[in-house]
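> Quick one: this structure, given as structure tokens, is what I'll be asking you about.
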Amino acid sequence: MLRALVFDTDEAFLPAGAAGSPLPGSTYLAGLTLLQRAVRMARKAGAEEILVFARDVGAAEEVARRERVPPTVLPADAPLPGGSPADGLLLIAAQVLGTDRLLGELVRGGGTAHAVVVAAPPGVPVLGPAYIAPSGSAEPVSPLHDNAEGDGAERKPPHRIPGSGGERPAALQVREWLSASSACRWSVPDGACRWLTTSDAIADADRSLYVGLASIADGYIDRVFNRHISGWCTRRLIRFPITPNHVTLFHGCLGLCAAALLWQGTYGSAVLGAVLFQLSVALDCTDGEIARIKYLFSKFGSRLDVGADNVVTIAVFAAIAHAAAGRLGMGVAAVLGVLSVTGVVACLLAVLGAARLQAKLRPGQASSLAVTNRLSATDQAVSAGERTLVEAVINEATSRDYSILVVLLALLGRLEWFAWLAGIGSHVFWITFSLIQFPRLRPPNASEIH
């Protein structure tokens with residue numbers, strides 16, 4: 001079991017007598033207080049139990065009330081509660097925030113039994129997040145540690161932690177563990193661990209949170225256009241108590257409004273509907289960005305997002321087919337509408353089936369197709385292996401980049417061309433996807449396991 005000790009000051013992470021950060025744990029960073037962010041980062045790193053040691057107990061209890069799984073709040077001078085030797089300890093200060101990757105590396109490559117491994121940010125006296133491995137742990141193996149060679153990394157062997165110390169405050173005990181000369185210090189890259197001491201440091205940390213928010217399912221238009229729109233919206237919405245599900249429902253309603261305008265079939269309504277649809281697609285990135293920045297992940301939210309995307313897609317395809325009746329005739333338009341709707345449903349079933357089979361046969365492994373990862377539990381995983389040309393085409397085809405084509409054809413007054421493309425192309429996609437992906441989803445053989 002992994003336990004996390006979260007402190008609302010950086011006192012335990014500094015040498016005795018050193019001046020700590022003047023920023024309280026209640027300081028806001030991208031919609032969350034520093035303490036709240038530290039708690040959620042610990043939860044994402046795998047902590048099953050979180051103990052918050054707080055000078056401001058009232059503020060810490062307010063944070064606890066906001067969490068789905070409330071942490072235990074203790075006074076700053078409280079001693080460290082006893083735990084099982086099999087418990088690993090993750091140590092975090094609200095003003096000394098490591099990246100998610102750093103915390104993950106600390107936990108996964110923490111060291112031998114009861115060893116202290118601590119991140120050492122360059123150029124500052126404060127020590128970063130730390131991990132104390134449980135008894136029976138294997139030797140430490142960490143890409144961050146290995147990659148640090150040549151840039152001043154200290155390679156001291158881990159040491160065993162001292163005793164619990166009776167009734168001594170937990171902060172004092174932690175300081176002794178971290179400052180011990182034999183503690184294993186990882187020299188980490190700039191930006192992997194931030195010591196937040198000024199408003200400028202908060203602003204810099206805020207900017208860094210928006211870097212790398214792209215999803216593996218992003219297409220070309222997402223990268224060059226939609227992410228700019230969504231990022232602008234995210235920066236403004238993040239300050240308010242707006243959840244990703246709120247944004248999902250909003251962009252879903254916006255997409256349905258776009259479909260209603262496209263249904264009318266006039267040039268003006270088609271252009272306005274296409275623009276609203278493009279805005280809906282851009283906002284579809286915002287809900288994921290808010291979820292990642294504020295750690296608001298949920299299975300329900302993921303399913304709601306997928307459901308909203310597909311309802312809007314079906315509505316838009318059907319509306320475009322209906323609007324095409326004036327040029328193609330009611331019979332042809334009806335056939336294209338049916339083909340479009342059934343094609344979207346078939347695509348969804350094929351991808352959901354592949355995602356479930358991927359999770360069952362190869363749990364934890366990323367697919368080479370981004371859309372399969374997006375509908376499984378590995379949305380942000382890097383696609384495995386090198387993609388073939390066909391896989392690259394499929395990844396682009398599932399990215400909703402077609403929204404820009406809707407806008408261009410609406411401006412040209414030729415949306416009936418898209419009706420043909422949607423009616424035929426959707427079926428071509430699900431057949432091609434099934435032929436490529438399902439044969440690959442077989443149980444791993446012995447050589448792949450080892």
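> Give just the number: which of (1) within 28 Å of the chain's Cα centre (by Cα); (2) part of a helix (DSSP H, G or I); (3) at pLDDT below 90 does G326 not satisfy?
Going through the list (1) within 28 Å of the chain's Cα centre (by Cα); (2) part of a helix (DSSP H, G or I); (3) at pLDDT below 90, G326 breaks only (1).
> Could you please find all residues in the range 123-140 being under 28 Å from the mean Cα position of the chain (by Cα) and at pLDDT 85 or above?
Once the filter is applied, which keeps residues that are under 28 Å from the mean Cα position of the chain (by Cα) and at pLDDT 85 or above, the range 123-140 yields V126, L127, G128, P129, A130, Y131, I132.
> Further, regarding this structure: Just give me the residues in the range 271-280 being touching a residue at least 24 places away in the same chain (Cβ under 8 Å) and surrounded by fewer than 24 Cβ atoms within 10 Å (Cβ to Cβ), in sequence order.
Once the filter is applied, which keeps residues that are touching a residue at least 24 places away in the same chain (Cβ under 8 Å) and surrounded by fewer than 24 Cβ atoms within 10 Å (Cβ to Cβ), the range 271-280 yields V271, V275, Q278, L279.
> Can I ask one more? Does T198 fit the bill of being under 30 Å from V124 (Cα atoms) and either among the acidic types (D, E) or in contact with a Pro (Cβ under 9 Å, 6 or more places away or on another chain) (or both)?
Yes, satisfied.
> Suppose we keep only residues that are surrounded by fewer than 17 Cβ atoms within 10 Å (Cβ to Cβ) and among the β-branched types (V, I, T) within the range 208-228. Which one would you say is farthest from C193 (Cα to Cα)?
V224
> Can you tell me which residues in the range 411-428 are touching a residue at least 12 places away in the same chain (Cβ under 8 Å) and not in a helix (DSSP H, G or I)?
Within the range 411-428, G413 is the sole residue that qualifies.
> Still on this structure: Restricting attention to the range 254-279, report how many residues are out of contact with any Phe, Trp or Tyr (no Cβ under 9 Å at 6 or more places or on another chain) and of a type in the set (S, T, Y).
Total satisfying the criteria: 2.
> While we're here: Of everything in the range 26-73, what is assigned to a helix (DSSP H, G or I), β-branched (V, I, T) and in contact (Cβ under 8 Å) with a residue 60 or more places away in the chain? Give them in sequence order.
Once the filter is applied, which keeps residues that are assigned to a helix (DSSP H, G or I), β-branched (V, I, T) and in contact (Cβ under 8 Å) with a residue 60 or more places away in the chain, the range 26-73 yields nothing.
> Shifting gears a bit: Where the second residue is outside any helix (DSSP H, G or I) and the first is within 15 Å of D305 (Cβ to Cβ) and lies in the range 230-257, which pairs have Cβ atoms under 7 Å and are six or more apart or on separate chains?
T243/L296; P244/L296
> Could you check the range 304-313 and list, in sequence order, the residues that are crowded, with 18+ Cβ neighbours inside 10 Å and either of a type in the set (S, T, N, Q) or outside any helix (DSSP H, G or I) (or both)?
Across the range 304-313, the qualifying residue is only T313.
One line per residue, one yes/no per condition, for (1) modelled with pLDDT of 80 or more; (2) within 19 Å of V281 (Cβ to Cβ):
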position: A354; (1), (2): no, no
position: Q365; (1), (2): no, no
position: R387; (1), (2): no, no
position: A392; (1), (2): no, no
position: Y402; (1), (2): yes, yes
position: L408; (1), (2): yes, yes
position: L412; (1), (2): yes, no
position: W430; (1), (2): yes, no
position: L441; (1), (2): no, no
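> Quick check on my filter: what residues within the range 74-104 are within 21 Å of the chain's Cα centre (by Cα) and in contact (Cβ under 8 Å) with a residue 60 or more places away in the chain?
Those that are within 21 Å of the chain's Cα centre (by Cα) and in contact (Cβ under 8 Å) with a residue 60 or more places away in the chain: L90, I92, A94, V96, L97, G98, T99, R101, L102, L103.
The values are calculated or read from the model by the stated rules, or taken from the named source; none is laboratory data. Please read all numbers here as calculations on a predicted model, not as lab measurements. FYI the Cβ positions are ideal-geometry reconstructions off the backbone, even for glycines, and counts take in every protein chain you see.
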